[in-house]
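What follows is calculated from the coordinates using simple rules that are stated; it is not laboratory data. Please read these numbers as outputs of a predicted model, since none were measured by experiment. Cβ sites come from the backbone with ideal geometry, for glycine too, and all protein chains shown count toward neighbours.
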Ligand code: LRH
């Protein structure tokens, strides 16, 4: 059965419309349209540029339908962000999670509920960017709102006029009950949020609706895919068995897929999160900083006229001394955009390390610190689930980085399978192909994929420095 489906992915720096052509068991990808997805800043606040993004979405679909018969569309974005609507439509531009307005709201929420109870109720890692904390800043808009839609739901509403919430994206909100996959109504009441704004939660792999006539596009079905980008990325991991994954983009999501949530004290102490995957699975993972710092430093180099591609950055890093400076990539100081180089340097000074000055030293510092953070997180996951893994699948943009993959293999002494790099688009496409009956199960989809996508294997090297310096890295985490 031949199918042409579109995966629309709104990522940290770009949005993309990707065509997946599935024919005779092989998947071929083609990027049809790419556009910037940068937050817009207005009076110190950060917003999604929603009208412009809807325009790009239409352009992308037009470009695709001009050349192909499209069987369906699936949309995914990062988690936690949403828009509030009244009966007529969106009340205002949706806020971006890096908007500083949530500062202090986690602490405020904990005046009403203990961190333990909040974790047990939702299974979510406590992060100030989560929807719950964003909503607590919205009293005025909440009074006017009739519906809350997460970003992929909102783009789906723009295309079809249908208001639904898909389970994987709802599971990033800190408002869902991981045991029932429904809203956590008691929590919603506790925080005085209006129950009526929360739409019915539907499972991925179902039909949202058809593209509405007014848009002047063909009436194509829009499918609820794993609309949280990580859910889609995990749906692409080419493994039949229990696997450890790193979905590496702006964020790194490190974890495993389980049949049910883990809400134990240990899981909470490590701040591991339970999100929904396809087929009602649990994505048990930790949300940590991924390529974000690197992307910011690259952007800063560019503003200084030094335009490196990732390959060139790796070459520079390879030439710099190893383990000169390490950072906690999740330290609060690195979370906001801008002046990243200066912030790394002052972190180095503050922690009594050699200050990275050259471009290569800065990049090496970021890569080695990430490799250590991965190792550290693998250990937390293994300790919580109670069994070990002998390999890890790195999917997403980070799978392209030979330097990072090799460092992770050597630091953790595990085989790294790197790829697919287009993980989110592929998982999105997989779900649509299962919906059409072109692929049977998720496992079948994952294994079919192995035929068409390049997965590279990295073997761990015996380099003692990773063991020797791990203690120093751990001490750094404690003080920063
Ligand atoms: C990863 C991700 C993550 C969210 C963050 C905002 O892309 O979706 O799960 O917490 O972005």
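Each of 314, 69 was scored by other Cβ atoms within 10 Å of its Cβ. Arranged with the fewest first, they read 69, 314. Using 0.36 nm per residue and subtracting the Cα-Cα separation, the extra length available between residue 303 and residue 34 on full extension is 94.7 nm. FRET efficiency for the residue 103 to residue 24 pair, using the beta carbon distance and R₀ = 60 Å, is estimated at 0.65. For the chain, the share of DSSP beta bridges that are antiparallel, to the nearest 5, is 75%. If the chain linking residue 470 and residue 113 were pulled fully straight, counting 0.36 nm for each residue of separation and taking away their Cα-Cα distance, it would gain 124.9 nm.
Cα centroids of segment 252-314 and segment 422-451: 22 Å apart.
FRET efficiency for residue 265 and residue 351, Cβ-Cβ distance as r, R0 = 35 Å, nearest 0.05? It comes to 0.70. Shape analysis of segment 281-361 based on the Cα gyration tensor places the equivalent ellipsoid semi-axes at 22, 17, 14 Å, largest first. A Förster distance of 60 Å, applied to the separation of the beta-carbon atoms of residue 382 and residue 214, puts the FRET efficiency at 0.70.
Each residue, residue 41 and residue 58, gets one label point 7 Å from its Cα in the Cβ direction; the gap between the two is 3.0 nm.
Ordered by the number of other Cβ atoms lying within 10 Å of each residue's own Cβ, fewest first, 30, 140 fall into the sequence 140, 30.
Values of log10 I(q)/I(0) for the chain across q = 0.11, 0.14 Å⁻¹ run -0.90, -1.50, by the Debye formula with one identical scatterer at each alpha carbon and no solvent.
The stretch between residue 182 and residue 206 holds 7.0 nm of extra length on full extension. This uses 0.36 nm per residue minus the Cα-Cα distance.
Ranked from largest, the principal axis spans of the Cα set of segment 230-328 equal 49, 28, 23 Å.
Over the chain, DSSP H runs of length four or greater, each weighted -39,500 (n - 2.57), average out per residue to a 222 nm ellipticity of -11500 deg cm²/dmol. Approximating the spin labels as points 7 Å out from Cα along Cα→Cβ, the residue 190-to-residue 480 distance works out to 3.3 nm. Relative contact order, whole percent, for the chain stands at 15, derived from Cα pairs under 8 Å and 6 or more residues apart. Placing a label point 7 Å from the Cα of residue 258 along the Cα-to-Cβ direction, the residues of segment 118-132 whose backbone N falls under 16 Å from that point are 119-126.
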